C-alpha cells in the first residue's frame with residue numbers, strides 16, 4: 001500500500017476554537033514542520049491559547065476540504081506554535097460544528113467542473129463550519145440543492161477560496177429576504 005503523502009499547510013488559513021466551540025482567531029500559517037506536526041503563524045497566537053500546554057481545536061482550510069486537529073500551544077524560540085494531534089472530542093454528528101462570523105461572497109457557480117463568474121457577487125455570512133461543510137446566510141433564495149459554488153471567505157487580512165455543494169436551504173421566517181444554506185465541501189476536482 002503506498003504511503004499517504006503529507007499535506008503542506010503553508011499559506012493555508014487556520015481557524016482556532018476553544019473547547020466550547022467559540023472562535024478565538026483566524027490566522028495564516030507561515031510554515032509547517034511535517035515531521036514534528038507543528039504549525040507556525042505570520043503573527044502571534046491569541047492570548048487565550050498562549051499559556052504553556054493550552055489546548056484548542058484547529059480547522060485548517062485546505063483543498064478540497066478542511067482538516068480538523070486538536071492543537072496544543074507550545075513555546076518555540078521567542079514565539080509560539082501549535083502542535084497538531086489527530087482526533088478530538090467529536091459530537092454525535094460526523095463532524096463538530098464550530099460557530100463563526102466569517103464574511104464572504106459567492107463569486108462563481110460551477111457547471112461541468114468549470115467555474116463561471118457571477119456578474120455581481122453575492123455577499124454571505126457564515127454561521128458555522130466543520131471539516132465537512134458550512135452553513136451560511138445569503139440574501140433571498142438564490143441557490144438550490146445541488147448547486148456548486150465557489151465561496152471567497154474574508155478573515156481579517158486574509159482571504160481563502162473553497163468550493164461547496166448546496167445540500168439544503170431554510171427560509172428565515174422572521175426575515176423573508178434572508179435564506180440559510182447548508183453545504184458540503186466539494187471533494188472532487190473543481
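Each residue in segment 92-111 was checked for being at pLDDT 80 or above and either on the phi > 0 side of the Ramachandran plot or under 17 Å from the mean Cα position of the chain (by Cα) (or both), and 11 of them qualify. Please verify whether segment 67-83 includes one or more residues that are closer than 28 Å to residue 178 by Cα, touching a strand residue (DSSP E or B) at 6+ places or on another chain (Cβ under 9 Å) and modelled with pLDDT under 85. Within segment 67-83, none of the residues are closer than 28 Å to residue 178 by Cα, touching a strand residue (DSSP E or B) at 6+ places or on another chain (Cβ under 9 Å) and modelled with pLDDT under 85. Among the candidates 118, 151, the residue that is touching a strand residue (DSSP E or B) at 6+ places or on another chain (Cβ under 7 Å), assigned to a strand (DSSP E or B) and in contact (Cβ under 8 Å) with a residue 40 or more places away in the chain is uniquely 151.
A count restricted to segment 40-54 and to residues that are modelled with pLDDT of 85 or more and touching a helix residue (DSSP H, G or I) at 6+ places or on another chain (Cβ under 8 Å) stands at 0. Of all the residues in segment 1-22, those that are surrounded by 14 or more Cβ atoms within 10 Å (Cβ to Cβ) and at pLDDT 85 or above number 7.
The values are calculated or read from the model by the stated rules, or taken from the named source; none is laboratory data. Predicted, not measured: the structure shown is a model, and the values here were computed from it. Heads up, the Cβs are rebuilt from the backbone with ideal geometry, glycines too, and the neighbour counts pull from every protein chain shown.
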